[in-house]
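For reference, the structure discussed in these notes is given below.
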Amino acid sequence: MIRALALALQLLTRLPVPSAGSPPQPQELGQSALFFPVVGLLIGALLAGVHFALRGIDPDVLAALLLTIWALITGGLHLDGLADTADAWIGGQGDRDRTLAIMKDPRSGPIAIVVIVLLLLNKWAALQALSPSGTGVALLLAPALGRAVIVLLLLTTPYIRPAGLGAPYAAYLPRRQCGLLLALLAAATVAISGWAGMGVLIVLGLGVFGVRQALIKRLGGVTGDALGAACELAETAALLVLALA
């Protein structure tokens, strides 16, 4: 289990994690997906700690610093997925092969830039609007729920790139344990945030359903970039619902 957690940290963060001598096996990568929400909780705990330590500074500046640290911890991994997906979804013009080809292009077009700016603006506004106590809870929950959405999509949606980064995670996902973990996280969200937490789960559930349907219709399944995009959108939606509530 320690190995699986280390692999999840290596994939999802830029935190210094000691590397084992032997390359990971596909089964080990699949097992590590069980720890994706756990990694999200660790990211959230770090962000909440920074928020607590700097709580006396201007809220606007603090929100910007939190977003900067957030991106540095993750290495912008999911932001990159969102950028590629946004470019491909618009530029693909409804065609599956064209959409997949654009996703593999490392360059970012104007659509990607606009989407990233809008997403970060919404995150910043939500963090700035939350109360000091509410911000800590939101920072703890949002990264965990974002990575839980990745696991949920892997559980319910075919992975369509056989040689893609996410292929072993999808193929060897511990499905039963992941389902139990997602249920536990949902219960914890409601226990911590009450009705606001219930609202977050409803919005994320509807969002995952809509995203999954769109992916199935356009691509026949999910890709690594789409998983990253879903994580970013889920984090933003969670922050906005908690701020509005």
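Counting heavy atoms of the protein chains alone, D225 has an accessible area of about 40 Å² for a 1.4 Å probe. Computed on protein heavy atoms with a 1.4 Å probe, the accessible areas place M198, M1 in the order M1, M198, largest first. Within the accessible area of the chain, the carbon and sulfur atoms contribute 70%, probe 1.4 Å, all protein chains present. Charge tally for A238 (other residues, Cβ to Cβ under 13 Å; Lys, Arg +1; Asp, Glu -1): 0. For the chain, hydrophobic long helices are taken as DSSP H runs at least 18 Å long by C-alpha position along their axis with mean Kyte-Doolittle hydropathy of -0.5 or more; these are 36-53, 59-74, 77-91, 110-129, 132-156, 175-218, 224-244.
In µm²/s, what is D for region 144-245 at 37 °C and 0.692 mPa s, where D = kT/(6 pi eta Rh) by Stokes-Einstein and Rh is the Kirkwood radius from Cα pairs?
Details: Rh = 14.0 Å.
In µm²/s, the coefficient rounds to 235.
Considering the chain at the alpha-carbon level, its Rg and Dmax are found to be 17.4, 51 Å.
By the helix-only formula, in which each DSSP H run with n ≥ 4 contributes -39500 (n - 2.57) and the sum is divided by residues, the chain has a 222 nm mean residue ellipticity of -26000 deg cm²/dmol. Computed over region 86-201, the alpha-carbon pair-distance distribution with 5 angstrom bins reads 2, 9, 14, 15, 16, 16, 15, 10, 3, 0, each value a whole percent. Close amide H contacts of Y159 (hydrogens built in the peptide plane, cut-off under 5 Å, sequence separation of 5 or more or a different chain): V222. At a probe radius of 1.4 angstrom, the accessible area of region 1-51 per residue rounds to 48 square angstrom.
Accessible-area rank, largest first, for L141, L79: L79, L141, with all protein chains present and a 1.4 angstrom probe.
Region 36-98: which trypsin sites (Lys or Arg not before Pro) are DSSP loop and have at most 13 other beta-carbon atoms within 10 angstrom?
Passing sites in region 36-98 are R55.
Build a GNM of the chain with springs between Cα atoms under 10 Å apart, and of S32, S133, S22 the one that fluctuates most is S22. Excluding ligands, DNA and RNA, the accessible surface per residue across region 168-245 is 47 Å² with a 1.4 Å probe.
The values are calculated or read from the model by the stated rules, or taken from the named source; none is laboratory data. Computed from a prediction, not measured in an experiment: that's the story for all the values here. Every residue, glycine as well, gets a Cβ built from its backbone with ideal geometry; the counts of neighbours run over all protein chains shown. Note: accessible area is taken over every heavy atom of the protein model, side chains too, but ligands, DNA and RNA are not part of it. Shrake-Rupley method; radii C 1.70, N 1.55, O 1.52, S 1.80 Å.
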